[in-house]
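Here's the structure we're looking at; comments come further down.
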Amino acid sequence: MTDTFAPAPQPTHRLIPSQFPPIGLFDTVATTADLSAVMELVGWTNDRLVAERINRVPRSEWVHGVPNTSIVMAAFLHVAPGGMRFNGPELGAWYAADDIRTAAAEVGHHLRRETVARGVATMSRTYRAYTATLLGDYLDIRGQQEMRSDVYASERYDASQKLGEDVRSSGGSGLIYNSLRRQTGVNVVAHRPRNITDIAQTDHYEITVLATSRTIDVRKLSK
């Protein structure tokens, strides 16, 4: 099988829970040397996991001095305990979608899983939406659900994490792949902070799910 590569859709969309407020630590720092000092001052490097993760990101790829770069770096430094589909727990990545509806389907799926795990009937959560331009060419595995069934497994990440980390370690930009949560949707995972540009916050949404239904209710909130 010959690997093919493709650019990311433009722009891409990402939803972040509003309970995690944007912290502009990286936004106003001019140099990486200044950033290291600021991180130490505010205690970020006292968090062993954060310190280990940022040391896994080459300094040449740290992003700072531009609005919303803190959102980007947070995606790499604050990671789910078991990792996500295309990254392990050692270092995060930036996940985005071709359409806000795809992004909502993705977060709605995980919110429903949380609802079931908590044993409650319904949950609602508010999210901030961001758009971004993703530079680079991405390993394109769209249309390969049968060929890469282990990578596309709905509830298992072992094969997909290995593929994602292999792409990262080889210097690749990331992957572009079909959404498992929206039939026509496309997702992108970016493994290089420097490739995530033109980040802009857009709208706020409230997403509601039921433990007993796959229906996702998405409500755009007034500004």
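Failed condition for Gln201, given (1) closer than 28 Å to Ser60 by Cα; (2) modelled with pLDDT of 95 or more, with all others met?
All conditions pass for Gln201, except number (2).
Of the residues Arg214, Arg181, Arg156, Arg194, which single one is in contact with a helix residue (DSSP H, G or I) (Cβ under 8 Å, 6 or more places away or on another chain) and exposed (fewer than 14 other Cβ atoms within 10 Å of the Cβ)? Even if it seems obvious, please write down each step before you answer.
Numbers: Arg181 fails: exposed (fewer than 14 other Cβ atoms within 10 Å of the Cβ); Arg156 fails: in contact with a helix residue (DSSP H, G or I) (Cβ under 8 Å, 6 or more places away or on another chain); Arg194 fails: exposed (fewer than 14 other Cβ atoms within 10 Å of the Cβ).
Answer to the selection: Arg214.
Take the residues in segment 58-81 that are under 16 Å from Asp198 (Cα atoms), touching a helix residue (DSSP H, G or I) at 6+ places or on another chain (Cβ under 7 Å) and among the hydrophobic types (A, V, I, L, M, F, W, C); name whichever of them is modelled with the highest pLDDT.
Result: Val72.
Consider Ala117 carefully, then state whether it is at pLDDT 95 or above, loosely packed, with under 14 Cβ neighbours inside 10 Å and either farther than 17 Å from Asp203 by Cβ or touching a Gly at 6+ places or on another chain (Cβ under 9 Å) (or both).
Working: at pLDDT 95 or above: no; loosely packed, with under 14 Cβ neighbours inside 10 Å: yes; either farther than 17 Å from Asp203 by Cβ or touching a Gly at 6+ places or on another chain (Cβ under 9 Å) (or both): yes.
Answer is no for this residue.
Residues in segment 112-159 that are among the aliphatic types (A, V, I, L, M), closer than 17 Å to Val189 by Cα and assigned to a loop (DSSP other than H, G, I, E, B): how many? Step through it out loud before you land on a result.
Looking only at segment 112-159, we keep the residues that are among the aliphatic types (A, V, I, L, M), and these are 116-117, 120-121, 123, 129, 132, 134-135, 139, 141, 147, 151, 153, 159.
Add one more test, that the residue is closer than 17 Å to Val189 by Cα, and what stays is 129, 132, 134-135, 139, 141, 151, 153, 159.
Restricting the remaining residues to those that are assigned to a loop (DSSP other than H, G, I, E, B) gives 135, 141, 151, 153.
Looking only at that region, the number is 4.
Is it the case, given these coordinates, that Leu139 is of a type in the set (A, V, I, L, M, F, W, C) and more than 14 Å from the chain's Cα centre (by Cα)? Working first, answer last.
Values: of a type in the set (A, V, I, L, M, F, W, C): yes; more than 14 Å from the chain's Cα centre (by Cα): yes.
Here the answer is yes, as Leu139 does meet what is asked.
Going by what's in this entry, would Arg142 be described as crowded, with 16+ Cβ neighbours inside 10 Å and among the basic types (Lys, Arg)?
On the way: crowded, with 16+ Cβ neighbours inside 10 Å: no; among the basic types (Lys, Arg): yes.
Taking the combined requirement at face value, the residue does not satisfy it.
Filter segment 152-186 down to residues that are hydrophobic (A, V, I, L, M, F, W, C) and within 20 Å of Pro9 (Cβ to Cβ), then give me how many there are. Outline the logic, then answer.
Taking segment 152-186 and keeping what is hydrophobic (A, V, I, L, M, F, W, C), we get 153, 159, 163, 167, 175-176, 180, 186.
Okay, now just the ones that are also within 20 Å of Pro9 (Cβ to Cβ), so 167, 175-176, 180, 186.
Count: 5.
Only residues that are of a type in the set (Phe, Trp, Tyr) and surrounded by 23 or more Cβ atoms within 10 Å (Cβ to Cβ): list them for segment 72-112, please. So that I can check it myself, show each step before the final result.
Step one: list which residues in segment 72-112 are of a type in the set (Phe, Trp, Tyr), which gives 76, 86, 94-95.
Hits for segment 72-112 are Phe76, Phe86, Trp94.
Going by what's in this entry, would Tyr127 be described as crowded, with 21+ Cβ neighbours inside 10 Å, of a type in the set (Phe, Trp, Tyr) and in contact with a helix residue (DSSP H, G or I) (Cβ under 8 Å, 6 or more places away or on another chain)? It would help to see each step written out before you state the result.
Values: crowded, with 21+ Cβ neighbours inside 10 Å: yes; of a type in the set (Phe, Trp, Tyr): yes; in contact with a helix residue (DSSP H, G or I) (Cβ under 8 Å, 6 or more places away or on another chain): yes.
So Tyr127 fits the description; yes.
The values are calculated or read from the model by the stated rules, or taken from the named source; none is laboratory data. The shown structure was predicted, so the numbers you read here are calculated from the model rather than taken from an experiment. Positions of Cβ are generated from backbone atoms using ideal geometry, with glycine treated the same way; all protein chains shown enter the neighbour counts.
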